[in-house]
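Written out below as structure tokens is the structure these notes cover.
The values are calculated or read from the model by the stated rules, or taken from the named source; none is laboratory data. Keep in mind that this is a model prediction, so the values were computed, not measured. Cβ: placed from backbone, ideal geometry, glycine included. Neighbour counts: every protein chain shown. Surface accessibility is based on the protein's heavy atoms, side chains included, excluding ligands, DNA and RNA. Shrake-Rupley method; radii C 1.70, N 1.55, O 1.52, S 1.80 Å.
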Amino acid sequence: MSERPIVVAEGITKRFGDIVALDDVDLCIEPGMIYGLLGPNGAGKTTLIRVLTTLLRPEAGRAEVAGVDVLTDPQEARRHLGLAGQFAAVDDYLTGRENVEMVGRLYGLDAREAKRRTAEILERIGLADAADRTVRTYSGGMQRRLDLAASMVGEPQVLFLDEPTTGIDPKSRIDIWLLIQDLIARGTTILLTTQYLDEADRLADRLAVIDHGKVISEGTADELKDRLGGAVIEVSVGDDVRPQVLEALRSVCGEEPKIDPVNGSVTVAAPDGPRSLTRVVLALDEAGIVPDDIGLRKPTLDDVFLALTGHVAEEITVATEMSPGNRKRRGFAFGRSER
Amino acid sequence: MTTMASPLRAARDTSVIVRRNLLRNVRLPQLLVFATVQPVMFLLLFNYVFGGAIGRAIPPAAGGEYINWLIPGLLIQVAAFGAGQTALGLTEDLSKGVIDRFRSLPMARSAVLAGRTFADVIRNGAVITLMLVVGFLIGFRWQTNILGMVGGLAVAMAFSFSMSWVMALIGLTVKNPEAVQSAVFIPVFPLVFASSVFVPTETMPSWLRAFADNQPVTAMTNAIRGLVLGEGALPVGHTVAGDVLTALAWAAGILVVFVPLAVRAYRRIT
Ligand SMILES: Nc1ncnc2c1ncn2[C@@H]1O[C@H](COP(=O)(O)OP(=O)(O)OP(=O)(O)O)[C@@H](O)[C@H]1O
Ligand SMILES: [Mg+2]
């Protein structure tokens, strides 16, 4: 990873009136990786993507895509980037093929080359059969894939995908994951935003957790988890004894435990691993408290996020067909409020 | 520095956008049909309901038929109302993220607005022609010659094009597709009704007449009347050539003011 970074942001600050959407954001992405931007609603993910794709000028900072300064030479930067925004920007009354070809032409391709690449991409993303239907007959997932196809047709070095899987069904979600992995295999660099922890965990080589416009943690998923220590203690208890449990965890582990707002369980990083757990169990026993469940486990990105932001984790259920036996798997999305 | 897009590239990108905008009308022909229904209703309403009463006040150059007087005005009315499509189309593209996509592409910056306004003028040309056909069926006849009629259509298209840029500014300023539906009528209604479109301005109170005689819709309408009905249809002292020049000056003036304003609004989209 000694190559020159392909996306650089330094000290990006963007305000909307009183709202500080981005607060001194730094970012550095190596070529060929999937970089995940993880954060709740209103964190500033879209704003950062808009700055990097030349749509928005920040008040401060500088940014580079494929070695081109996006603020001083946006038109050149646009030749090297592709954008699939948070909502599919496809034309309902054009066919899938016409949509992608149009974008190809606007990238500067001649008609023949735009046609050729469009046919190839539509084949690759599984829309070849629907290519000549108008988009208004497409499902939401097909529109999202078509939008991705349009962002790829210029063969940009860097693709910016803003919540590529939000609001689509689990099957389409997997399709898009596969597509993203296929793109990486072809050497494209991808910056994607997501509210889904499992998506970030599964796809991203590196992650930045962003909240209130600030990058609050950065690294690989494992690094982020390791920062919580190798293990966390999770205790499920009733509301009545939770204060005593919090006290016991606080005194043994030396850190403020977090309460999961969804299921009410209490977690804290275990500084000494199993020994911390033993001490907690003894302390609880002494106080005469029998928890519903207690255990030591590896931290998840959920814990990372909860520890970093204290935000509500909204639970969603995702049937993950890639998992063995098509079992149900739980995914998590964050948000302070419903969209 | 922004790389200067070549005029050739700009023309090519514009034609790509024009095609895209027109395809929508081809795929959804109802759009054109409904766009024609409203002016045809105006045509029938004014011709049959008010025509008898107003008919007496119109100059003899109209051949004694109110419809001959009305059609040139309605061409301009359709041009003005039809231009509202520019505002609607832009707000729709803005809210769907299509404008974001365009702005993230290495295309000519001018192509989005130019492509929109050119497509809309072609579309409005189709609506105007459809209405003219209906007018012809219910008795409209030009009193000069076919060249006069073609010239009249050209004036209507020039007005439609210039109004599209006014509407582009409105669309880019209002941004919201629902709000813009009403916003587009604000400039158009007073211009169309306080004009010579339906009645000669001589019948209006003097304060209103002062406005009506000196605004673009009247200028455009008079120019078309001159071309289609001859000089006798114009207010005393006006000539056909003079009124056509005035009309074209209005179209040019509107473009000179509103193209830069719309382009500036486009560049400032966030
Ligand atoms: N054009 C704008 N005008 C005013 N405020 C804005 C604008 N765009 C974003 N904001 C504000 O900036 C903050 C960051 O918004 P942004 O859209 O970047 O968040 P996000 O992380 O993409 O959220 P989401 O998950 O909901 O898409 C929010 O408080 C938002 O309200
Ligand atoms: Mg967003």
**Asked** Would you pick out the residues in region A:218-249 that are free of Cβ contacts under 8 Å to residues at least 60 places away in the same chain, open to solvent by 10 Å² or more (accessible area, probe 1.4 Å) and among the aliphatic types (A, V, I, L, M)?
**Response** A:237, A:241, A:246, A:248
**Prompt:** Quick check: anything in region B:75-86 open to solvent by 10 Å² or more (accessible area, probe 1.4 Å), touching a residue at least 40 places away in the same chain (Cβ under 8 Å) and within 14 Å of chain A (Cβ to nearest Cβ)?
**Reply:** no
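If you go through region A:115-132 one residue at a time, do you hit one that is in contact with a strand residue (DSSP E or B) (Cβ under 9 Å, 6 or more places away or on another chain), within 14 Å of another protein chain (Cβ to nearest Cβ) and over 20 Å from residue A:27 (Cβ atoms)? Give the derivation first.
Let us first name the residues in region A:115-132 that are in contact with a strand residue (DSSP E or B) (Cβ under 9 Å, 6 or more places away or on another chain), namely A:130-132.
Subsequent filtering for residues that are within 14 Å of another protein chain (Cβ to nearest Cβ) retains A:132.
Checking which are over 20 Å from residue A:27 (Cβ atoms) leaves us with A:132.
There is at least one residue in region A:115-132 that is in contact with a strand residue (DSSP E or B) (Cβ under 9 Å, 6 or more places away or on another chain), within 14 Å of another protein chain (Cβ to nearest Cβ) and over 20 Å from residue A:27 (Cβ atoms).
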**Message:** Among the residues that make up region B:19-37, is at least one of them touching a Phe, Trp or Tyr at 6+ places or on another chain (Cβ under 8 Å) and surrounded by 20 or more Cβ atoms within 10 Å (Cβ to Cβ)?
**Reply:** no
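Conditions tested, residue by residue: (1) within 16 Å of ligand 1 (Cβ to nearest atom); (2) at pLDDT below 90.
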{"residue": "A:186", "(1), (2)": "no, yes"}
{"residue": "A:190", "(1), (2)": "no, no"}
{"residue": "A:193", "(1), (2)": "yes, no"}
{"residue": "A:199", "(1), (2)": "yes, yes"}
{"residue": "A:207", "(1), (2)": "yes, no"}
{"residue": "A:213", "(1), (2)": "yes, no"}
**Asked** Restricting attention to region A:40-88, which residues are within 12 Å of chain B (Cβ to nearest Cβ), open to solvent by less than 10 Å² (accessible area, probe 1.4 Å) and part of a helix (DSSP H, G or I)?
**Response** A:49, A:51, A:52, A:77, A:78
**Asked** Would you pick out the residues in region B:142-172 that are open to solvent by 30 Å² or more (accessible area, probe 1.4 Å), assigned to a helix (DSSP H, G or I) and over 20 Å from residue B:253 (Cβ atoms)?
**Response** B:146, B:147, B:150, B:153
**Scope region A:160-194; condition within 16 Å of ligand 2 (Cβ to nearest atom), buried (at least 17 other Cβ atoms within 10 Å of the Cβ) and over 26 Å from residue A:9 (Cα atoms); matching residues** = A:168
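Just give me the residues in region A:250-272 being within 13 Å of residue A:307 (Cβ to Cβ) and touching a residue at least 24 places away in the same chain (Cβ under 8 Å), in sequence order. Full working, then the answer.
Pass one, region A:250-272, residues within 13 Å of residue A:307 (Cβ to Cβ): A:253, A:255-260, A:266-270.
Result: A:253, A:258, A:260, A:266, A:267, A:268, A:269, A:270.
Results for (1) part of a helix (DSSP H, G or I); (2) closer than 19 Å to residue B:125 by Cβ; (3) away from every other protein chain (no Cβ under 14 Å); (4) at pLDDT 85 or above, shown as yes or no for each residue.
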{"residue": "B:4", "(1), (2), (3), (4)": "no, no, no, no"}
{"residue": "B:8", "(1), (2), (3), (4)": "yes, no, no, yes"}
{"residue": "B:13", "(1), (2), (3), (4)": "yes, no, no, yes"}
{"residue": "B:22", "(1), (2), (3), (4)": "yes, yes, no, yes"}
{"residue": "B:45", "(1), (2), (3), (4)": "yes, no, yes, yes"}
{"residue": "B:52", "(1), (2), (3), (4)": "yes, no, yes, no"}
